[in-house]
Amino acid sequence: MGELRVRFAPSPTGYLHIGGARTALFNYFFAKHSGGRFVLRIEDTDVERTIEDSADRMMESLKWLGLEWDEGPVVGGPAGPYQQSQRQELYQKYAQTLMDKGLAYKCYCTPEELEAEREQARLAKKAPRYSGRCRNLTQDPIRKFEEEGRRWAIRFRTPDEGYTVVDDLIRGEVSFANEEIADFIIMKSDGLPTYNFACVIDDWLMGITHVLRADEHISNTPRQMMLYRALMAPMPKFAHVPMILAPDRSKLSKRHGAQTVEEFRDKGYLPEAIVNYLALLGWTPPDATQELMSLEEMVELFDLSRVSSTAAVYDVKKLSWMNGQYIKQLDPEELMERLIPFIESAGLSTREHLAERKDWFREAVITMQERARTLEEMAENMAFYFRPPESYDEKGVKKHFAQPEVAGLLEKCVEVLSRMPEWTLEACDRAYTDLAQREGISRGKLIHPTRLALSGITFGPGLFDIMYVLGKDETISRLNTAIGFIKDNFE
Ligand code: GLU
């Protein structure tokens, strides 16, 4: 058996969405699992829908996810070029071959004529399909059309009878009646190929053995199979990956939040987490309880027979949870590096400044690591390390500041903390335990208002971690500010 070859073939009409990323991922897994090759092809023949830097950004996203392609744009390869806009001659050549064999023909129908046909079908409540009007044109009308200077497209002559059966590796057999499939256009009147034709020519010439793509293309597959037969090209195997639905089982759209890999990156999701999460949308590893897996592990375990044939439901909470797990596992140095852009864009500090206070930054990051779900959220939640709170959480104020004894208690905290000879986490902890005992109150009565005073919020790392990272002077200064605030408002 020859080498296994798969491809990911995005149309550069926007960003790389999570659906596309998952299709790319399954292709990547499938290729790497068998030592095959993962090809990237850019399907940019639809000039009107193509967006200028889209292909570059999609490639950027793929690389960021760790899905490097073995052949394709930038890296090249023996079956290039890998951009459809650079393969025009090939499509023209094979369209001509089909015409020479009588398997394709010129269609002179004008857009108005075709629209009238569709309208008729609508009125008759039938599915609109091409009537086959130009199928058997004789020389006379052809000459007439040519003289009129009519533009023509090339249509493929589809079989009239029988069935085309897609033997799908995920969905099993899916059968299509040939009479339902009208002669379809393979080359448009502007000389550009349609998707179905360019896709077949390329998959064939690029030696693709397995076509793994989104479910929405299944109705294209019988058309493509007809073309393979007509071209006498070896047929690849097909696998259609089920859709990803929103939590309410509707089609995923903007209103369901972030959709593109770039958006997830900008929100502080780690590529490892996205890859892991997307893999589990539709694929189940042999040990179904296993959730956290590296790219290498997934490559090792991946098997198409364990890809579900039903739609997967996307759940951002699960993704965030998983992202948190990956953040937790990161080496602090690595986490610091990845966090810096988010600290910068939150306006909290700069790379240079953080480099000068590296040890301090490491301590601060470590206190946040356990609970963080995304890097963006982590940066926002650690703002208090960089500047004193500008305000105090309202509910927190009612609960922890608004009682008559609080200012006095915080003054006592300041007193004991000021006297501490060395500023360690344990010493701060002990000082609070002793003070609570002396006052005959629970530690919480000291801890909650102190936390609010230091951070302005009611959640976050352990209080003594915060104190330690802020340092003695800053801790005392913030406590004094809070004491002033409480006296102004509640005494
Ligand atoms: N360019 C098509 C798309 O982005 C590719 C479909 C295929 O994989 O055949 O949907």
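Read the figures in this text as sums done on the coordinates, not as results from a lab. Given the structure is predicted, the values throughout are model-derived calculations rather than measurements. Neighbour counts run over all protein chains shown; Cβ positions are idealised from the backbone, glycine included.
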**Q.** Sole residue being under 48 Å from the mean Cα position of the chain (by Cα) and touching a residue at least 60 places away in the same chain (Cβ under 8 Å), chosen from 442, 455
**A.** 455
Q | Wholly enclosed helices (runs of 4 or more DSSP H) of region 301-405 bearing at least 1 residues surrounded by fewer than 15 Cβ atoms within 10 Å (Cβ to Cβ) | A | 316-329, 332-345, 351-356, 358-369, 375-381
Q) Restricting the search to region 428-452, which residues are out of contact with any Cys (no Cβ under 9 Å at 6 or more places or on another chain), within 25 Å of residue 381 (Cα to Cα) and assigned to a helix (DSSP H, G or I)? A) 428, 429, 444, 445, 447, 448, 451, 452
(Q) Here are the criteria: (1) crowded, with 17+ Cβ neighbours inside 10 Å; (2) among the hydroxyl-bearing types (Ser, Thr, Tyr); (3) within 16 Å of the ligand (Cβ to nearest atom). Tell me which single one residue 219 does not satisfy. (A) (1)
Q: Could you please tell me which pairs satisfy a Cβ distance under 8 Å, a separation of 6+ or placement on different chains, a first residue in region 32-47 that is among the basic types (Lys, Arg), and a second residue that is assigned to a strand (DSSP E or B) and within 11 Å of the ligand (Cβ to nearest atom)?
A: 37/6; 41/7; 41/8
Q: Answer yes if at least one residue in region 75-88 is buried (at least 22 other Cβ atoms within 10 Å of the Cβ), within 14 Å of the ligand (Cβ to nearest atom) and of a type outside the set (Gly, Ala, Ser), and no otherwise.
A: yes
Q: Look through region 188-201, keep the residues that are within 13 Å of residue 93 (Cβ to Cβ) and of a type outside the set (Val, Ile, Thr), and return whichever of them is nearest to the ligand (Cβ to nearest atom).
A: 198
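Take the residues in region 1-60 that are assigned to a strand (DSSP E or B) and touching a Lys or Arg at 6+ places or on another chain (Cβ under 6 Å), then tell me which one is farthest from the ligand (Cβ to nearest atom).
Initially, region 1-60 is screened for residues assigned to a strand (DSSP E or B), giving 5-8, 17, 37-40, 42.
Checking which are touching a Lys or Arg at 6+ places or on another chain (Cβ under 6 Å) leaves us with 5, 7, 37, 39.
Values: 5: 14, 7: 7, 37: 16, 39: 11 Å.
Among them, the one singled out is 37.
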Q.
Being touching an Asp or Glu at 6+ places or on another chain (Cβ under 6 Å) and within 21 Å of residue 463 (Cβ to Cβ) is the filter here; which residues of region 336-388 pass it?
A. 367
